[in-house]
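This report refers to the structure that appears directly beneath it.
Bear in mind that the values in this text are calculations on the coordinates, not laboratory data. None of these values were measured; they are calculated from a predicted model. Glycine also receives a Cβ, built like all others from the backbone with ideal geometry; neighbour counts cover every protein chain displayed.
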Amino acid sequence: MGMLETIARVCDRCHRPLEDDQFRLSMTTAAGTRGVYECPCGAVTVTVIADERTSNSPRERQ
Ligand SMILES: [Zn+2]
């Protein structure tokens, strides 16, 4: 329904908040869209931008 929660994006290493100007690239995988942020400390953090739930089945194991 387009209801977005605010997701706290923090650096994996130093836990500083990640700002929009630290955004580097996004990539789309089968699981959804991921964003890559580069912290001033040098660490790269991958965050979830959007999840694809079109084929999310509780019994998708094969
Ligand atoms: Zn950091």
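Count charges around CYS11 for me, please; just the other residues with Cβ under 11 Å from its Cβ, Lys/Arg as +1, Asp/Glu as -1.
The answer is 0.
Working out 0.36 nm times the residue gap between GLU38 and ASP12, then minus their Cα-Cα distance, what length gain in nm do you get to one decimal?
Taking 0.36 nm per residue and subtracting the Cα distance, the gain is 8.3 nm.
Using a 10 Å cut-off on Cβ atoms, rank the peptides 15-24, 36-45 from the highest mean neighbour count down.
Taking the mean over residues of other Cβ atoms within 10 Å, the ranking is 36-45, 15-24.
Taking θ = phi - 60°, what integer Hz values does the Karplus form 6.51 cos²θ - 1.76 cosθ + 1.60 yield along the stretch 10-23, in sequence order, with x for Gly and Pro?
10, 5, 5, 8, 10, 6, 6, x, 9, 9, 4, 6, 9, 5
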